[in-house]
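My questions will all concern the structure given below.
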Amino acid sequence: MAIKRYKADADTTIVNAFQPDLVTRGTGANMGEADVSEIFSIYGRQTTSSQELSRILTKFPVSTISSDRTNNKIPASGSMSFYLRLFNAEHSKTVPRDYKLVVQPVSQSWQEGVGLDLENYKDLTKGNTGANWMSASNTAPWTSVGGDYLSASSETYTQTFSTGLEDLEIDITQLVEDWITGSAGGKFENYGVGVRLSASYEAYFSSSTGQNSGSVINNVSGATKSYYTKRFFARGSQFFFKRPVIEARWDSAVKDSRGDFYYSSSLAPAADNLNTIYLYNYVRGRLTNIPGIDTGNILVSLYSGSANNSAPSGSKLVLYDGKLNITGGYSSTGIYTASMAITAASTPLTTLYDVWHSDSTATEYFTGSITPIVLSAAQTVSKPVYYLNITNLKRKYRSDETARFNLYVRNKNWSPTIYTVANATPESTTILSASYRVFRAVDGFEAIPYGTGSDLHTQMSYDVSGNYFDLAMNLLQPGYMYAFKFAFYDAALVSWVEQPEIFKFRVEEYEY
């Protein structure tokens, strides 16, 4: 699994906009229970230079993110990305175009509140909990009206909108890492983020004192035109996939070359002559670190086979760089990996044996087997067309489970020999770069898009049995049927090619 979503645990909208009478401002109003939140800037509605603004506050369960890292549910810092995602809410009002939104961490605690009124601003926080334009809570005012934010360039994130209908998706990895560590002496206490139009798009106002005037912000670089109204779904939305989230993404793909192991060849560049194999240490069904190795190095040696090729025999084989041992290392709990290259003899061995052992005591931990491949050129252009199937797909899954899916792939024009037919388990073709997506069957809504960009969070793993991936069903709304689609990277076309097969399954709410 290489994606987790952390839903907002508080959000609200704060405004200094006028109520319908165009006399009283709704600065004391709270919208913490509204199912949408909104951002706007209105210039010159009450007078020729009046300013009306709306901003969003939203907060996320960073303690849960930190706990997940401690429990190895997400990778260490530097190995993953965090994205702030807010989803566009369609409405009948005018939508702004060509503008920029700013995201900044809030610098003091605030209350979500229970207000609902986004139209008349009648749900006042007087005597009630909730943040508003003037106050962070019913006990503490903002230092500056409109909210207090950390404003250093390293703490400021932006996104440009052209049509005004786009979702917000910003990489806030550094901010989340700062929240987790509480760096800079507690400066990055998690108070969530504020989302607003950038200063040049918020309405112009020039105060004679150069300071804010009551609830109106002094903004001499502001706009003399209006930008209204951008709405996002709030955490109280009925739409499961539209609630604001921090989305954690990372590449969790395990690329085990044991079933796709090549002898070194002058036909291939150095990187492609390198093969990576894995050791999986299961103890009573659980991946467990090897005592004495733990998270340290482990050695691997290659051997030829005995007379009947049933076990390693003879001396260690000399590797491509002249060494007899490969130094492998720790990958994750109970998983170790080693990379190697070896040149074929004049008569290539059909089976190699990899022996994993310690350095100090020469204790042998595991012996595996490899069927190496001799690389050869071709006289025709490759035209791969595949048949694929999920061999362990179930009709339905519980919403609280994480399932592993095994993909069987073969060439569609495959012509098996009698020997191949006789095998109980047909060989699966390994796809080195494969990705999946998930969509809702009833309307085609894309629940999990392909991760084929910089994050590769839907990239599939592979081992000697073929491709596989894990999926946490809590990413999907229960009570619906979903479907998988797959895309394979074609190096000749320098693009991803989506495969035609569709595999459907249902997610059901788990009842305790």
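What strands (runs of 3 or more DSSP E) completely inside the range 441-512 contain at least 1 residues that are more than 17 Å from N406 (Cα to Cα), of a type in the set (V, I, T) and touching a residue at least 40 places away in the same chain (Cβ under 8 Å)? Before the answer, list the steps.
Details: elements: 446-448, 461-463, 466-472, 480-490, 495-498, 503-508.
In the range 441-512, 446-448, 503-508 are the strands (runs of 3 or more DSSP E) which contain 1 or more residues that are more than 17 Å from N406 (Cα to Cα), of a type in the set (V, I, T) and touching a residue at least 40 places away in the same chain (Cβ under 8 Å).
Of the residues S154, S109, which single one is small (G, A, S) and part of a helix (DSSP H, G or I)? Give the steps one after another, and end with the answer.
Working: S109 fails: part of a helix (DSSP H, G or I).
Result: S154 is the single residue among S154, S109 that is small (G, A, S) and part of a helix (DSSP H, G or I).
What number of residues within the range 385-399 are surrounded by fewer than 14 Cβ atoms within 10 Å (Cβ to Cβ) and either modelled with pLDDT under 95 or touching a Gly at 6+ places or on another chain (Cβ under 7 Å) (or both)?
1
Another question, then. Where residues in the range 348-376 are among the aliphatic types (A, V, I, L, M) and touching a Leu at 6+ places or on another chain (Cβ under 6 Å), which of them is nearest to F484 (Cα to Cα)?
Checking each candidate, the answer is I370.
In the set T139, T143, which member is surrounded by fewer than 15 Cβ atoms within 10 Å (Cβ to Cβ), β-branched (V, I, T) and modelled with pLDDT of 95 or more?
T143
Regarding the range 213-226, can at least one residue be identified that is in contact (Cβ under 8 Å) with a residue 60 or more places away in the chain, among the charged types (D, E, K, R), surrounded by fewer than 19 Cβ atoms within 10 Å (Cβ to Cβ) and in the same structural domain as E38 (by TED's automatic domain parsing)?
The answer is yes; a qualifying residue exists.
Then there's this: Those residues that are closer than 30 Å to G285 by Cβ and surrounded by fewer than 18 Cβ atoms within 10 Å (Cβ to Cβ), I need them from the range 302-342; list them, please.
Residues satisfying the conditions are S310, A311, T327, G329, Y330, S331, S332, T333, G334, I335, S339.
Another one. From the list S252, S301, exactly one residue is assigned to a strand (DSSP E or B), in contact (Cβ under 8 Å) with a residue 24 or more places away in the chain and of a type in the set (G, A, S). Which is it? Show your work before the answer.
Numbers: S252 fails: assigned to a strand (DSSP E or B).
After ruling out the rest, the residue left standing is S301.
The values are calculated or read from the model by the stated rules, or taken from the named source; none is laboratory data. Treat the numbers as computed from the prediction; the structure is a model and nothing was measured. Glycine gets a Cβ as well: all are built from the backbone with ideal geometry, and neighbour counts include every protein chain shown.
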